[in-house]
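J.: Before anything else, here's the structure in question.
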Amino acid sequence: MALKVASLKEGGRDGTLVVVADALDRAVRVPQVARTLQRALEDWSVAAPALEIIYQLLNEGRVADAFPFDPDHCAAPLPRAYQWLDGSAYVHHVELVRKARGAELPASFWTDPLMYQGGSDRLLGPTEPIAAVSEDQGIDCEAEVAVVVDDVPLGVSPTATTGHIKLLMLVNDVSLRGLIPAELAKGFGFVHGKPPTAFSPVAVTPDTLGEAWDGGKIVLPLITHINGRELGRPNAGMDMTFDFPRLIAHAAVTRPLSAGTIIGSGTVSNSSGEAGYSCIAEQRMVEQLKSGAPTTPFLQFGDRVRIEMKDLEGNSIFGAIEQEVVHHPE
């Protein structure tokens with residue numbers, strides 16, 4: 001089933017669900033099916049076929065009340081979610097970032113996924129700013145891929161999770177590198193080091209990706225630019241130690257997952273480094289290993305971050321996350 005959906009900044013905190021054309025140029029509201037994406041996910045077996053028919057008609061130019069699609073009017077596909085769990089499936093990235101703060105990588109990290117529970121009451125739309133009180137906090141982008149699941153039972157096996165993946169989207173999991181080491185030293189996880197997370201304007205069903213979706217990974221480059229300069233385009237299907245079925249099963253070891261739960265891949269990273277990076281911290285660590293000191297600064301006020309994924313024909317799949325870093329007064 002092929003489908004692209006988004007949520008407009010209207011109709012309350014959960015936004016208004018729209019179906020988006022494959023070319024990302026038109027959209028249509030679908031209150032006759034579901035007013036919000038969360039509601040559609042809770043009744044996906046009924047809602048999805050109806051949404052797919054509308055998607056097909058929209059692509060054929062046969063929807064009379066379609067309107068131009070504008071990412072600036074979009075919230076995150078799920079403006080707030082019951083749960084946002086972020087993995088760290090690219091262990092090479094974990095290894096480099098831990099080196100940057102002088103921490104060794106335990107051998108178990110290669111066999112047991114890392115995952116943290118992030119704030120999900122306020123998820124950012126694709127063009128909402130990254131707000132920080134100080135550049136000294138070490139503001140960094142982290143380009144990722146995420147899945148949205150329906151109801152997942154407790155104790156599910158990885159082989160049984162694929163059918164629970166309903167949508168995929170892109171993520172900017174912003175990190176404040178200057179705050180994270182002291183927080184982690186307390187032994188109780190992230191809070192201050194992880195401000196609100198941003199998502200792509202559009203979420204898509206796995207079938208929309210065609211052969212680029214292998215059942216557990218998206219085998220395409222994830223492209224990040226800072227101020228128009230490419231930071232990197234590592235392939236999201238390479239060096240992913242734990243695929244999404246494994247991450248979902250890990251999240252459900254001791255608890256069921258509710259429909260609308262979002263699970264992130266962690267920062268996309270290729271071990272060779274030839275395709276560049278998805279976060280500044282990785283580039284800085286490589287610079288330090290090569291020359292003894294990092295030279296690339298973290299994000300500054302006024303900087304712009306763009307994260308996007310394109311198909312083999314060069315067409316944007318999810319639309320772009322495009323955010324400016326802004327000063328938020330204390």
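The values are calculated or read from the model by the stated rules, or taken from the named source; none is laboratory data. If you're wondering where the values come from, they're calculated on a predicted model, not measured in any experiment. So basically every Cβ, Gly included, is an ideal-geometry build from the backbone, and we count neighbours across all protein chains shown. In case anyone asks, the SASA skips ligands and DNA or RNA and just uses the protein heavy atoms, side chains included. Shrake-Rupley method; radii C 1.70, N 1.55, O 1.52, S 1.80 Å.
J.: Do you know which residues across segment 236-262 are open to solvent by less than 30 Å² (accessible area, probe 1.4 Å) and on the phi > 0 side of the Ramachandran plot?
T.: Passing the criteria: only Gly260.
J.: With the structure loaded, tell me whether Lys194 is more than 18 Å from Gly266 (Cβ to Cβ) and under 18 Å from the mean Cα position of the chain (by Cα) or whether it fails that test. Walk me through how you get there before you give the answer.
T.: Details: more than 18 Å from Gly266 (Cβ to Cβ): no; under 18 Å from the mean Cα position of the chain (by Cα): yes.
No, not satisfied.
Table: residues versus (1) more than 20 Å from Gly189 (Cβ to Cβ); (2) within 20 Å of the chain's Cα centre (by Cα).
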residue	(1), (2)
Leu105	no, no
Tyr116	no, yes
Pro126	yes, yes
Val133	yes, no
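J.: Between Arg229, Arg177, Arg233, which is under 13 Å from Ile307 (Cβ atoms) and open to solvent by 30 Å² or more (accessible area, probe 1.4 Å)?
T.: Arg233
J.: Sticking with this one: Could you check how many residues of segment 263-276 are within 30 Å of His164 (Cα to Cα) and in a loop (DSSP other than H, G, I, E, B)?
T.: Just the residues of segment 263-276 that are within 30 Å of His164 (Cα to Cα), to begin with: 263-271.
Then keep just the ones that are in a loop (DSSP other than H, G, I, E, B); that gives 265-271.
Count: 7.
J.: Give me the residue from segment 263-272 that is among the small types (Gly, Ala, Ser) and open to solvent by less than 20 Å² (accessible area, probe 1.4 Å) and, out of that set, farthest from His250 (Cα to Cα).
T.: Checking each candidate, the answer is Ser269.
J.: Right, something else. Any idea which of Ile226, Ile218 is within 15 Å of the chain's Cα centre (by Cα) and not polar (S, T, N, Q)?
T.: Of Ile226, Ile218, the one residue that is within 15 Å of the chain's Cα centre (by Cα) and not polar (S, T, N, Q) is Ile218.
J.: Counting only residues that are open to solvent by 20 Å² or more (accessible area, probe 1.4 Å) and in a loop (DSSP other than H, G, I, E, B), how many does segment 122-155 have?
T.: Looking only at that region, the number is 11.
J.: So which of Gly178, Gly187 ends up being at pLDDT below 95 and in a loop (DSSP other than H, G, I, E, B)?
T.: The unique qualifying residue is Gly187.
J.: Sort out which residues of segment 156-171 are in a loop (DSSP other than H, G, I, E, B) and either in contact with a His (Cβ under 9 Å, 6 or more places away or on another chain) or closer than 22 Å to Glu42 by Cβ (or both), and write them in order of number.
T.: Val156, Thr161
J.: Of the residues that sit in segment 241-262 and are among the hydrophobic types (A, V, I, L, M, F, W, C) and part of a loop (DSSP other than H, G, I, E, B), which one is nearest to Lys217 (Cα to Cα)?
T.: Phe242
J.: Ok, one more. In segment 208-217, is there at least one residue being modelled with pLDDT of 95 or more, under 23 Å from Trp110 (Cβ atoms) and surrounded by fewer than 19 Cβ atoms within 10 Å (Cβ to Cβ)?
T.: yes
J.: What residue, among those in segment 156-169 that are over 23 Å from Lys9 (Cβ atoms) and touching an Asp or Glu at 6+ places or on another chain (Cβ under 9 Å), is surrounded by the fewest Cβ atoms within 10 Å (Cβ to Cβ)?
T.: Filtering segment 156-169 for residues that are over 23 Å from Lys9 (Cβ atoms) and touching an Asp or Glu at 6+ places or on another chain (Cβ under 9 Å), the one surrounded by the fewest Cβ atoms within 10 Å (Cβ to Cβ) comes out as Gly163.
J.: Name every residue in segment 282-330 that is small (Gly, Ala, Ser) and either open to solvent by less than 10 Å² (accessible area, probe 1.4 Å) or in a loop (DSSP other than H, G, I, E, B) (or both), in order of residue number.
T.: Matches in segment 282-330: Gly292, Ala293, Gly302, Gly314, Gly319, Ala320.
J.: Restricting the search to segment 29-38, which residues are touching a residue at least 24 places away in the same chain (Cβ under 8 Å) and surrounded by fewer than 19 Cβ atoms within 10 Å (Cβ to Cβ)?
T.: Passing the criteria: Arg29, Arg35.
J.: Then there is this: Being open to solvent by less than 30 Å² (accessible area, probe 1.4 Å) and of a type outside the set (Phe, Trp, Tyr): is that true of Ala47 here?
T.: In short, yes.
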